[in-house]
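The values are calculated or read from the model by the stated rules, or taken from the named source; none is laboratory data. Just so it is clear, the model here is predicted, and its values are computed rather than measured. For neighbour counting, all protein chains shown are included, and Cβ atoms are generated from backbone atoms with ideal geometry for every residue, glycine included. Surface areas here come from the heavy atoms of the whole protein model, side chains and all, with no ligands, DNA or RNA. Shrake-Rupley method; radii C 1.70, N 1.55, O 1.52, S 1.80 Å.
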Amino acid sequence: MLGLKLPTDPRWAGIAEKNIEEILVDHAYCEQKAASTAISLIVTYPEYSELVTAMTALAREEMGHFKMVHDRILKMGFTMGWDRKDEYVIKLREFFPKGGSRATQLVHRLLIAGLIEARSCERFRLLSEELEDKELAKFYRDLMVSEANHYTMFLKFARKYGDRETVDQKWQDLLEYEAQVMKDLGTKESIHG
């Protein structure tokens, strides 16, 4: 369903389980950054009314997810800690060239956001299936459903605001690139790393 070209090595779930505090802190920041992305799209593209409406709802939802993860961090006796660079996202942003029309830039941002959500969804599925802590596994199962909806929403908007054939080709090219990026990741205690 997600179209990812290289699935996460299932052993990543074991790394995550052994470092659950790191995973939760990284996850909290991922939710915060997702909300920031939605707000940035509103600020940068206010003329796209349907997108603004969807991003307003998404920002609210992502901050709700942030609160859920933060509450879980506190419940488990952890503290938030500092944000770390997300190597995965940094590498994805290098894929599309800088510049171009506003519409092209928007499509690129939507495709990257969609792919980040798709990979997060896949990672949450793994956690929901592999974690021994059943309460935490259910927590990730519930979040997985939201991420899948976000991924399809971003892809739908990219196709709406760009030429469908061109967008679909860019999506496939981005998926191929992301598979290469993932070959170097998947061994760290972070949601994407």
Hey, got a sec? Which GluC sites (Glu not before Pro) in the stretch 98-185 land in a DSSP loop and have at most 11 other Cβ atoms within 10 Å? E132
Kirkwood hydrodynamic radius, computed over distinct alpha-carbon pairs, for the chain: how many Å, to one decimal? 17.0
Signed unit charges on C-beta, dipole axis of the stretch 1-74, positive-most listed residue W12, H65, L2: W12
Cβ-defined net charge surrounding R164, 13 Å radius [Lys, Arg +1; Asp, Glu -1]: +1
Solvent-accessible area per residue for the stretch 66-193 (1.4 angstrom probe, square angstrom): 52
So how exposed is R164, as accessible area in Å² (1.4 Å probe, rounded to 10)? 130
Counting Lys and Arg as +1 and Asp and Glu as -1 over every other residue whose Cβ sits under 11 Å from the Cβ of R109, the net charge comes to +2
Got the relative contact order for the stretch 116-193 handy, in percent, Cα pairs under 8 Å and 6 or more residues apart? 30
Hey, in the GNM for the chain with a 10 angstrom Cα cutoff, which one of S120, S128, S40 fluctuates hardest? S40
What figure, in Å² to the nearest 10, do you get for the accessible area of Y161 with a 1.4 Å probe and non-protein molecules left out? 50
By the scheme Lys and Arg +1, Asp and Glu -1, what is the net charge of all other residues having a beta-carbon under 11 Å from that of N149? -2
So, with a 1.4 angstrom probe, what is the percent of accessible area on the stretch 23-66 that is carbon and sulfur? 64
